[in-house]
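First comes the structure, then the notes that go with it.
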Amino acid sequence: MQGFIDYFRQYWYLFLVLIVLLFATLIMFKKAAEALARTKAEKEKLIKKLEHMKMIRETYSDLTKEKILEDSGEYLLEGIADNIQVRLEKTENMNEAFEELKKEEKLAYALHYFLDEAKVAPSEFFKAFARPLTPYAVEACKEIVDKKTHRLITEMFDSYDEENESSSVIPEKIEELDEKIKDNLDVEKAKIKAADFIKKNVEKFI
């Protein structure tokens with residue numbers, strides 16, 4: 001025992017290095033375990049998303065009046081948008097093809113993508129998309145969602161609109177509008193309102 005103590009006194013710095021290496025190894029293993037857990041969670045999330053997309057595609061690929069009217073409404077807006085997306089992707093110019101859609105189809109399609117982005121931040125929609133889609137999202141909020149959301153999204157649209165010479169994206173203003181829209185907008189209720197709109201105009205979607 002005395003020999004060990006003498007050795008420790010003489011080479012104490014080696015024990016210090018050993019302790020540091022031990023802690024570094026533990027931290028490395030901890031980070032590796034956390035990264036593995038994140039990767040697994042992200043993989044599971046991706047699988048669920050792909051399964052959901054597959055369900056939407058299979059359910060709404062062949063739309064009929066009866067199928068639309070009997071739908072619960074939970075995924076009807078998403079299904080309609082996916083159906084339209086498939087049609088647009090088959091064309092040579094998606095923007096031109098979009099303009100040829102019925103007005104009701106444009107409103108539903110634009111609203112779906114706006115609501116999808118609004119779950120994170122409404123401004124993400126205007127960062128990801130431009131005309132001809134964005135004006136129809138604004139109009140869809142007026143026709144389908146509610147007046148306050150329409151007023152706020154109009155203000156946000158004016159900030160991003162490339163055809164508006166006086167438009168300017170002020171980060172503080174956009175952040176404020178994001179918060180106001182998120183506080184006012186219930187995405188799930190908006191989807192149900194959209195489903196009612198689709199059923200009311202069912203002939204425009206078949």
Accessible area per residue in Å² at 1.4 Å probe, computed on the chain: 67
For the chain, built as a Gaussian network whose Cα springs stay under 10 Å, the top-fluctuating residue of I170, I84, I27: I27
Most fluctuating residue given options A97, A108, A37, as computed from a GNM of the chain linking Cα atoms under 10 Å: A37
Compactness of the stretch 115-206 as Cα Rg over 2.2 N^0.38 Å, two decimals: 1.10
Estimated translational D of the chain in µm²/s (Stokes, Kirkwood radius over Cα pairs; 20 °C; 1.002 mPa s): 104
Average projection area in nm² (convex hull over Cα atoms of the stretch 22-94, one quarter of hull surface): 7.8
Fraction of accessible area attributable to carbon and sulfur, the chain (%, probe 1.4 Å): 56
Total formal charge among the other residues, if their Cβ is under 12 angstrom from that of E176, Lys/Arg +1 and Asp/Glu -1: -3
Average silhouette area of the stretch 167-206, convex hull of alpha-carbon atoms, in square nanometres: 4.5
Rounded if a/c under 1.5, otherwise prolate or oblate - the stretch 66-131, Cα gyration tensor axes: oblate
Phi-based couplings in Hz for the stretch 40-52 (Karplus 6.51, -1.76, 1.60; Gly and Pro marked x): 5, 5, 5, 5, 5, 5, 5, 4, 4, 5, 5, 5, 5
Alpha-carbon gyration tensor eigenvalues x 5, square-rooted, for the stretch 47-158, Å: 23, 17, 15
Given the chain, longest segment not containing exposed loop trypsin sites (Lys or Arg not before Pro) (DSSP; at most 13 other Cβ within 10 Å): 1-89
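The values are calculated or read from the model by the stated rules, or taken from the named source; none is laboratory data. Here the structure is a predicted model, which means the values were calculated and not measured. Glycine gets a Cβ as well: all are built from the backbone with ideal geometry, and neighbour counts include every protein chain shown. For the accessible areas, the whole protein counts, side chains as well, though only heavy atoms, and no ligand, DNA or RNA atoms are used. Shrake-Rupley method; radii C 1.70, N 1.55, O 1.52, S 1.80 Å.
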